[in-house]
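Asks: I have a structure here, written as C-alpha cells, and I will follow up with some questions on it.
The values are calculated or read from the model by the stated rules, or taken from the named source; none is laboratory data. Note that this is a predicted model, so its numbers are computed, not measured. Cβ: placed from backbone, ideal geometry, glycine included. Neighbour counts: every protein chain shown. Calculation scope for accessible area: heavy atoms of the full protein, side chains included, ligands and nucleic acids excluded. Shrake-Rupley method; radii C 1.70, N 1.55, O 1.52, S 1.80 Å.
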Amino acid sequence: MAFAIGIIIAIGCMLGGFAAMGGHVSVIWQPWEFVIIFGSSLGTFIVANSLLTIKDTGSAIVEAVLDRATSQRDYLDVLGVLYTLMRELRGKARSEVEQHVDSPSESTIFKNFPKVLADKDLTSFICDYCRLIIIGNARTHEIEALMDEEIQTVSHDKLKPFHALTAIADSLPALGIVAAVLGVVKAMGALDQSPELLGGLIGAALVGTFAGIVMSYAIVGPLAHKIKVTRLQRVRLYVIVKQTLLAFMNGAMPQIALEHGRKTIASHDRPSIDMVENETVSGGASRTGQQQAA
C-alpha cells in the first residue's frame with residue numbers, strides 16, 4: 001500500500017504540475033517512445049540475468065509492492081523454534097532430536113511454526129547447524145566462521161534482484177535518450193513540414209528523455225531499494241539463528257541464548273523480553289506438553 005501511495009503521489013505531482021503550468025498531459029502519451037524504452041530495458045534485463053534471477057526478481061517485486069517485510073511475528077516464530085530445539089538438545093537423547101532436524105516437514109516442532117517451515121532455506125539453515133551440534137565435536141569458532149560464510153552467500157543470492165533492477169534503473173536515462181534521438185531523427189525527416197507539425201514531433205521526441213528519467217529515479221530505483229530493505233530483513237532471521245545457536249554452543253541456557261538472538265533485531269521491531277518469554281518459553285512448554293499428551 002505504501003509503495004502504491006508513493007508512486008501515485010510522485011506521478012500525480014509531476015503530471016499535475018505540468019498541467020498547472022499550462023501543459024497538455026495528452027502530449028506526454030507517446031506509446032512508441034515507451035515501447036522503445038521499456039522494450040530495450042526488458043531485453044537488456046533478460047540478457048544480463050539468468051532465468052533463476054529473472055524469476056526471483058518477479059517474486060521480489062511482489063514482496064516489495066505488497067510490503068511483505070519481516071514482522072515481529074516472524075522473529076518470535078524463529079525464536080520459538082530455536083528455543084524448543086535447544087530444550088530438546090539439552091534434555092533428550094540424540095536419536096530423538098535427530099528426527100526433528102532430519103525430517104523437519106514431519107517434525108512436531110516445526111509444524112507448530114508453519115511460517116518458519118514454509119521458508120525452506122531458513123529451515124535447512126537451522127537444521128544443518130543443529131545437526132552439527134548433535135554430532136558434538138565441532139568447535140564454536142569454526143561453526144561461527146561457517147555460518148558467516150553461508151549468511152554472506154544467502155545475502156548475495158537474495159540481493160540479486162536488487163542489483164539487477166539497479167542496473168536497469170541506471171540504464172533507463174540513457175535508453176530514454178536513445179528514444180529521444182530516434183524521435184529527433186524522425187523530426188529531421190519532416191523539416192519541410194509546417195512549424196506546428198515539426199514542433200509536435202520534437203516534443204514527442206523529448207518525451208523519451210522524460211520517461212527514461214522518471215522511470216529510473218521515480219519507479220525502478222525506489223523499487224530496487226525497497227527490495228533490498230525487504231530482503232535484508234529476511235537475512236536478519238539467519239543472524240538471529242546464528243547468534244542464538246552460538247550462545248547455546250558456548251554453554252548458555254536456552255532462555256539466555258534467545259536473548260543473544262533477540263538483541264540482533266532492530267530496536268523498532270525487537271520484541272520485549274516478556275513477549276519472547278510468553279511466546280517462546282512458556283508457549284514452547286505448553287506446546288510440548290500438548291504433543292506428549294497427544
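Asks: Please specify each residue of segment 82-98 satisfying the condition of being closer than 18 Å to residue 137 by Cα, assigned to a helix (DSSP H, G or I) and either open to solvent by 10 Å² or more (accessible area, probe 1.4 Å) or among the charged types (D, E, K, R) (or both).
Replies: Passing the criteria: 89, 90, 94, 95, 98.
Asks: Also: Restricting to segment 99-145, and then to whatever is within 21 Å of residue 247 (Cα to Cα) and of a type in the set (S, T, N, Q), can you tell me which residue is surrounded by the fewest Cβ atoms within 10 Å (Cβ to Cβ)?
Replies: 137
Asks: For segment 67-79, which positions are assigned to a helix (DSSP H, G or I) and either over 18 Å from the mean Cα position of the chain (by Cα) or surrounded by fewer than 14 Cβ atoms within 10 Å (Cβ to Cβ) (or both)?
Replies: If the condition is that a residue be assigned to a helix (DSSP H, G or I) and either over 18 Å from the mean Cα position of the chain (by Cα) or surrounded by fewer than 14 Cβ atoms within 10 Å (Cβ to Cβ) (or both), then 73, 76, 77, 79 are the ones that fit.
Asks: Taking segment 27-36, which residues are within 10 Å of residue 204 (Cβ to Cβ), touching a residue at least 12 places away in the same chain (Cβ under 8 Å) and in a helix (DSSP H, G or I)?
Replies: If the condition is that a residue be within 10 Å of residue 204 (Cβ to Cβ), touching a residue at least 12 places away in the same chain (Cβ under 8 Å) and in a helix (DSSP H, G or I), then 27, 28, 33 are the ones that fit.
Asks: I'm told residue 64 meets every condition in (1) under 25 Å from residue 166 (Cα atoms); (2) open to solvent by 30 Å² or more (accessible area, probe 1.4 Å); (3) assigned to a helix (DSSP H, G or I); (4) in contact (Cβ under 8 Å) with a residue 12 or more places away in the chain except one. Can you identify the failing condition by its number?
Replies: (2)
Asks: Which of the residues that make up segment 37-53 are open to solvent by 50 Å² or more (accessible area, probe 1.4 Å) and part of a helix (DSSP H, G or I)?
Replies: Scanning segment 37-53 gives 38, 42, 44, 46, 47, 48, 51, 52.
Asks: Out of all the residues in segment 230-237, is one or more within 30 Å of residue 25 (Cα to Cα), open to solvent by less than 20 Å² (accessible area, probe 1.4 Å), of a type in the set (S, T, N, Q) and assigned to a helix (DSSP H, G or I)?
Replies: No.
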